[in-house]
Each structure stands twice: as C-alpha cells, then as structure tokens.
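Reading through the structure tokens given below for one structure.
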C-alpha cells in the first residue's frame, strides 16, 4: 500500500516537473511572440492604467488603454475629488497626437458607460506607429471642468497570426495522432497469435 | 433456450443494472463518455480556429470575427456567461470521468483537472465582476488574476493549451496503457470489450 502511495507521489512529482518545464517553455515562447500580437488582436486584452488619479477641476481622473500599435478602446474613469459631491461630467474628450508632430491632434468624443460609482467614458483610439504620443483629456461638467495632459509610449506588436493559427490546429493533429497510434497498437495486439 | 456466452462475446454496450451512473460512466461507458467530452473540447478549439482564420487569413475586423456559432449568435462570444459555462463543463467533465483512468494516466488527468480548476476560478472572478458591477483593481473591464501578468487576449488560448496538453498525455497513456495499468482498467478504452460487462 505504502509502495503504491510512494509510486503515485513520484508519478505526480514527475508529471508536475515535466509539465512545469513545458509551461515555462510555452511562457517564454509566448512572452516573445504571442504577447505582442497583430493589430487585429491588439487592445482586446485588459487595458493598463496610463494615467493614475490625476486632479482635473472638481474630478479625479484615471486613463486606461492598451498602448499597442493598432486601434482599441481607451477608458477615462472619473470620480469626485476629496470632499466634493459627485456630479457626472457632461462631456469627456480625448485628444491624441504624435509627439513628433507628424500628424495633427485627433480629438475623440468619449461615451459614458454604466457604472455603479463615479463615471466612466470610453472611446476608440488609434496608435498608427510605435512612438511617444501626447494625450489630452478634457472634462466638462456643470460643477466645473479641466484638462489633463500626459504622454503615452505606443509599443510595437509582432504578428501572432501564424502562431495562433498553428496553436488552434495542433489539438486536431494531436487528437488524430493519439487516435491513430492507439488504433495501430490495437491492430498489432489483435494480430498477435 | 439460452446460449452460454463468454464475457468477450457479449455486446460491449451492455451495462450491469446494479452499477451507479458514475460507475458506468467510468466503466463500460467511459470510452463513449471520453469521445463526447473530446468532441466538446474539439468543438471549442474549432471555434478558435475559425476565429483565427477569419482574423488572420480573411482579414475580417475583430468585432465581426466571431467564429462559426458567433455569426448566428453574437451574444455567445460577447457574453462572459458562455465562457464561464464552457469552463464549468470542462471542469465537470474532467471530474466525473477521472475514475476511469488508472496509474500515470490518472495523474496527468488530474493535473489537467487542477489547472482547469484554477481556470474556472479565474472565470468565476470575471463573472462575479460582471454580476456585481465592480471590477477588480479599479480596471474599466473585468480582470482575472493572471491578466496582471499576461494582460492579453492570448491568455485564454494559453489556458486552453495548458489544460489540453496534460489531458492528451492522459488520453495517450489511457488508450495505450502499460500491462500493469491495463489489468486495473474497468473500461473498454484500451480495447478490452469484455470489461464492458465486468
């Protein structure tokens, strides 16, 4: 009984070790390839906070986006500044322009989203090149308004298309391979005298 | 008049009435159960393959690239409930079919189960944020814990892959077991039809 248990724990440890190595290899691979994807896949992961809790008139605002090259959502979260009563902003606009000045600023009107606390606005923005961008958020409300300015570093992405396609095909090849191998073993076993 | 039959000559789908459903599922019905389960898993992968094809080969915009079912039922892709539902089906399938595995195949199957268990917790966290209407870490979108490390859409593919790999190793070792493991098996998966009535 004890031998069985020892053997089982040895099996578990061996399986976990092999699996751990495989996962580490996969993680390293994905961090280099999959983690920087084609612009179609960009911006669909969780956004990161690029401006944190900055005072804008009677509000405190934070800005969230996934700053990879391509198009995707940008969120502006707004709350009341300390001790003030929250009055939702009437309008939030987001301006983006390359620091280099090669393009004029594009201003987007952000749309309000349903939230339980404060207010949140969202708009789709485009970073067409990996370079620093000037970000401007203008907030207007009946209680006042203001503007915040910041800089965003758009980062390049690498096409993960072939990788995703191959990854999605592999399960079918694996299942087919396992089924074929099992069938071959069965055939051999039946053929044995 | 009845005819005596050896166990091997009996039809493989016969299940003794005294067995519980779970015992049958992990005995005479294990092979068919695994086939159905694998069908569900592959259907899910097929949706990912279709979506990847739409995005990277047909160059459809991402909001339009909803796989096959998502073309007719768009809410399936956008709803967190669907993803949570699939994670739950996977978890239940891995759990209820586990007893049919023995030896090293059982070990690998349980590795897949525990990873899926964590994957399910992550989906439950996402679903919880949708229900409560409050996201973790002040994020404007629901966040899972692994997204703190890999804040990517590809995280879903990574999770599916790392569950699928040990599952397939378990399947391989289950379908082609060692002699010692074969004698302990109560199902027909490794080509022992007489076990269907054991």
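Tabulated results
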quantity	calculated
First in the range A:148-174 and farther than 13 Å from residue B:52 by Cα and more than 11 Å from chain B (Cβ to nearest Cβ), second anywhere and assigned to a helix (DSSP H, G or I) and modelled with pLDDT under 75, Cβ under 9 Å, 6 or more apart	A:158/A:32
Neighbours by Cβ (under 6 Å, 6+ apart or cross-chain): first from the range B:44-68, over 22 Å from residue A:170 (Cβ atoms); second crowded, with 20+ Cβ neighbours inside 10 Å and modelled with pLDDT under 80	B:62/A:40
Scan of the range B:74-117 for residues that are at pLDDT 80 or above and under 15 Å from residue B:44 (Cα atoms), ordered by number	B:85, B:86, B:87, B:88, B:89, B:90, B:91, B:93, B:116
Boolean, residue A:121 is closer than 30 Å to residue A:106 by Cα and within 12 Å of chain B (Cβ to nearest Cβ)	yes
Filter pass, residue B:116 being more than 7 Å from chain A (Cβ to nearest Cβ), assigned to a helix (DSSP H, G or I) and farther than 30 Å from residue B:97 by Cα	no
Members of the range A:134-178 that are loosely packed, with under 14 Cβ neighbours inside 10 Å, modelled with pLDDT under 90 and under 20 Å from residue A:120 (Cα atoms)	A:142
Matching residues in the range B:45-62 - criterion: being within 10 Å of chain A (Cβ to nearest Cβ) and surrounded by fewer than 18 Cβ atoms within 10 Å (Cβ to Cβ)	B:46, B:57, B:59, B:60, B:61
Residue match in the range A:59-81 (condition: under 30 Å from residue B:111 (Cα atoms) and at pLDDT 65 or above)	no
Selection count where residues are more than 9 Å from every other protein chain (Cβ to nearest Cβ) and either in a strand (DSSP E or B) or within 14 Å of residue A:113 (Cβ to Cβ) (or both), scope the range A:55-79	14
Count - residues of the range A:94-112 that are without any contact (Cβ under 8 Å) to a residue 40 or more places away in the chain and either surrounded by 13 or more Cβ atoms within 10 Å (Cβ to Cβ) or closer than 16 Å to residue A:134 by Cα (or both)	13
Residues of the range B:152-185 satisfying the condition of being outside any helix (DSSP H, G or I) and either surrounded by fewer than 18 Cβ atoms within 10 Å (Cβ to Cβ) or in contact with a strand residue (DSSP E or B) (Cβ under 6 Å, 6 or more places away or on another chain) (or both)	B:178
Flag for residue B:102 being touching a helix residue (DSSP H, G or I) at 6+ places or on another chain (Cβ under 8 Å) and closer than 30 Å to residue A:117 by Cα	no
Residue among B:81, B:87 that alone is away from every other protein chain (no Cβ under 11 Å) and buried (at least 21 other Cβ atoms within 10 Å of the Cβ)	B:87
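The values are calculated or read from the model by the stated rules, or taken from the named source; none is laboratory data. Just so it is clear, the structure is predicted and the values come from calculations on it, not from any experiment. Note that each Cβ is placed from the backbone with ideal geometry, even for glycine, and that neighbours are counted across all protein chains shown.
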